[in-house]
1. In Å², nearest 100, what accessible area do chains B and A bury in total when the solvent probe is 1.4 Å?
2. Rounded to the nearest whole Å², what accessible area per residue is found for chain A with the 1.4 Å probe?
3. Of the beta bridges DSSP finds with both residues in the protein assembly as shown, what % are antiparallel, to the nearest 5?
4. Summarise the partner chain shielding of B:418-430 as one whole number: the mean count of Cβ atoms from other chains within 10 Å of each residue's Cβ.
5. Along the charge dipole of the stretch A:1-150, Cβ charges K/R +1 and D/E -1, which of A:16, A:91, A:125 sits furthest on the positive end?
6. Hey, rough spin-label estimate for residue B:463 and residue B:336, points 7 angstrom out along Cα→Cβ, what's it come to in nanometres?
7. Using just the helices of chain B, give the 222 nm mean residue ellipticity in deg cm²/dmol: DSSP H runs with n ≥ 4 each add -39,500 (n - 2.57), and the total is spread over all residues, rounded to 500.
8. At 7 Å along Cα-to-Cβ for each site, give me the label-to-label distance between residue B:96 and residue A:519 in nm.
There are 2 protein chains.
Amino acid sequence: MDPIRFETEPSRYRHWKLETDRGRARLSMKVDENGGLRPGYALKLNSYDLGVDIELADAVTRIRFEHPGISVVTLDSALDGTFCAGANIFMLAHSEHGFKVNFCKFTNETRLAIEDASRHSGQRYLAALNGTCSGGGYELALACEEIILVDDRRSAVSLPEIAYLGVLPGTGGLTRLIDKRKVRRDLADVFVTLAEGVRGERAVKWGMVDAIAPRSRFDETVAARASALVDPARIGRAGVSLDALAPPESEDEIRYRHLTLRLDHARRLAELIVEGPASVPLIPDQAAALGADFYPLRLFREIDDALLRLRFNYPQIGLVLIKSAGDLGRVIERERAMWERRDDWFVNETILMMKRVLKRLDLTAKSFFAIVEPGSCFGGALFELALASDRIYMKSGGAARIATGPLNAGALPMGNGLSRIHTRFIADPERAEALSSGRTFEADEAMEAGLVTAAPDDLDWDEELRLAISERLSLSPDALTAMEASIRFAGPETMETRIFARLSAWQNWIFQRPNAVGERGALKLYGQPQSPQFDFRRT
Amino acid sequence: MDPIRFETEPSRYRHWKLETDRGRARLSMKVDENGGLRPGYALKLNSYDLGVDIELADAVTRIRFEHPGISVVTLDSALDGTFCAGANIFMLAHSEHGFKVNFCKFTNETRLAIEDASRHSGQRYLAALNGTCSGGGYELALACEEIILVDDRRSAVSLPEIAYLGVLPGTGGLTRLIDKRKVRRDLADVFVTLAEGVRGERAVKWGMVDAIAPRSRFDETVAARASALVDPARIGRAGVSLDALAPPESEDEIRYRHLTLRLDHARRLAELIVEGPASVPLIPDQAAALGADFYPLRLFREIDDALLRLRFNYPQIGLVLIKSAGDLGRVIERERAMWERRDDWFVNETILMMKRVLKRLDLTAKSFFAIVEPGSCFGGALFELALASDRIYMKSGGAARIATGPLNAGALPMGNGLSRIHTRFIADPERAEALSSGRTFEADEAMEAGLVTAAPDDLDWDEELRLAISERLSLSPDALTAMEASIRFAGPETMETRIFARLSAWQNWIFQRPNAVGERGALKLYGQPQSPQFDFRRT
């Protein structure tokens, strides 16, 4: 199959229409039935596949960077009587396990990006449900700050996955009901087992939506609410156009501007090599004048693209070595300059983007080893790439250095809400704070401080790395995925971590169960005349 | 296969020896190789199966009730050079999915009971690792307050599951490393992928054990530490002997003293019918004089036994209706009297037992509907049975009442640390507090307060229940299990909830994966000459 591409832009959208108007954006879903990413299914009733969600993710990012004047985004449907029917079942039923899991993960990340925009960029999302909204459609609505449902005795919100498909509303649905909207557990129980869902007053009373409006006053109600949320101070702010990354690629290399992804398919090993910044340009009064070439923005967009390709296009790759090359001092100097200007919207958006990309790394089901050698430039946000790795190997006795900078202290939190250093030293917050505050470490100091896993010297370096790599690649990929998902996230749980741990882990379990995916399973038989046949033993 | 029995007592132990001596107990593991619960595997090197863990669970409970003078329990092995090799792999490899999941759940509950005893009963557990300690053996040690390892250049602690079996250290192992011992994530990563584990100074330095001692001084070191922990004030406290429940049973009924479990196998439906207390006896100065007949102790021991039988012996049962019959006023009166005496060790132990049984209910993978009718006595701790249920149906227009009492306000917390009422009203803590404080509710009031799910009247009662029951029984049992595991636990996460959600859910996923359980999977092939063959695609 052709590899999946994650770059797009509004003029190429097949499934969404983005309009902007004085502080407000309208993002309308009108899925092209014949525009599926793969052949074999029709995207009826605004059902979606990965391609639809790639466009949504792109739109959410572009609204932040290209339309910073927007403070309210209305999410609606250009289809009559249907908001969205959720993920396309035929696509799901015929996808491989790994694809299903990665599809759900990406969709979850996109929805969290919507909430991140609402919370941190002042771009609040309003779900205007102008028709029936079920499954993943309602899960998308749940990611918005407010939900308004048309009250026409017909349009309902529902999570029919359990009743119809024998799977969970696993794209945040159960978690957002309970943790975000704080719906009472027994009402949630009734709701998620009721295929037809709830509508009208009951939907408001049970907490599934925030407001209802009759069809005759629906548009006006939505418009009034959107107007009330507009922040006039932002209108007119000029955006930054995000150009295409379009990296040249071959079978075993993708070469971005600041990043190279090398693939050793035979060994199931990849290298992700970051190049440090070439210079330390002044940040102008309007930082946005730097445009999409701004080093950290460009680099982290590239990392994001590389991670998504690794997940979807290279399932066999089990271990990724993260390397870097450049001037460590310049990395930190750049970051200090950036940090001083964090009140600028563009600098802030760039930091938020870096945060999301690093979270994507935390959630990528590959092993990562960071390799720190003389000439490496793991400092500040680049050091976060190492902190997000499962292990850090640093060559001792030479010129290798690492450094913390202003962004390590909390500006790039993990899903658990803590910095990676804080999470690493969860037993010792004071040490975490001391280490975060802009220091440079040689290998022995880094080892002593607990910032790296091992610091072999010249003599042992090659052999120790060789052994660690070959050992890692010999282990069960499933055990590693589950192990990494467990030990990467010390400390508190948040709605976000619960989505990826509790909810996704259970969904992945179900995605293996014959009751869902077997020949007579509910997911497999959906839309066919036969009824599913369950093995009713409870586990 | 014969149904599993969960009752035992020390004179019948085949795998453990319990000795007590002036404030200290010694619980020594010496697993009878030929004493497996099922034929087909030998329990070599102190490896364990469910039968071994049933005895351990029994011992932990009996030490609390029968030996309240004990304040330190040393856990060691009567085998030379081996503490414990963990769960028996051949047993695991040849068990059905549902059994594996329930076995791990029970083992997890037992380990949490050890921590509960350390924290709440002042009976602190000390793991004395007088030899190699791997897998589930080390997970057992992790449940103790302190771990002392013999330092003999040979004995290591290890979690070799990932390297040898392609599964997780899923009985709390990963979670306790990270959340309890707060081991740095990269050291944890190295440790759990290193089949041989760590020993000596490194085990202390990395945080896997608290202390080491050479073999020549091992016994003396353990004894000194145990002596230092003894609470002399408790020595001599007289215990309460726990008699056998030994309920008469037939194919479709188990009749305990205060509880009846009825099984409708054809419909996959069970009823759990609680009988209220017969009278309100005075609690004497030494509450322990009431003995094991003390109503709440007996009743909750019975509920515990019934839940375990439901999980293991009746996998086809999908829905359990919880009913009660008795004098609601008397239930509350009893509970008030009990609450006033909560400083008495026996009353306290009984409340702690009730707490653990209710947690077992929260974690049971069946649907529960509580049925409240005229004549029901769902008050206080009995109302917790309803609050732990997925739904509560209460008949309106008649004499049905529910009541809260002193135990609803926080004495019986869920695994998340909150009361069930607080968890139910996670959005509104003030309401939770107001409802917890000893009030009686008719159906309409209960409905208004949000304490029940539905309150049909006489006319609709039968039909509404019939529909709800038949709908529930038609749904995918897997989807229900995963859904219930998600929505029963609103609010904060704790080490305990993370064990059952994040860790167990991932382990359950692995227990379905061909890389572990397929014909060429690592778990299946363990101990055989062939190497496992992995599908290396990462999900």
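The values are calculated or read from the model by the stated rules, or taken from the named source; none is laboratory data. Owing to the predicted nature of the structure, the values given are computational and were not obtained by experimental measurement. Cβ atoms come from the backbone with ideal geometry, glycine included; neighbour counts cover every protein chain shown. These accessible areas exclude ligands, DNA and RNA; they are computed on the full protein's heavy atoms, side chains included. Shrake-Rupley method; radii C 1.70, N 1.55, O 1.52, S 1.80 Å.
1. On the way: alone 23360 and 23310 Å², together 38560 Å².
It comes to approximately 8100 Å² buried between B and A.
2. On the way: 19270 Å² over 539 residues.
Dividing the accessible area of chain A by its residue count gives 36 Å².
3. 35
4. Values: counts 0, 0, 1, 0, 0, 3, 3, 3, 6, 5, 2, 0, 0.
Mean inter-chain Cβ contacts per residue within 10 Å come to 2.
5. A:125
6. My value for the distance between the label points is 4.2 nm.
7. On the way: 20 runs with 206 residues, N = 539.
Taking each H run of at least 4 residues, the total per residue is -11500 deg cm²/dmol.
8. 2.1
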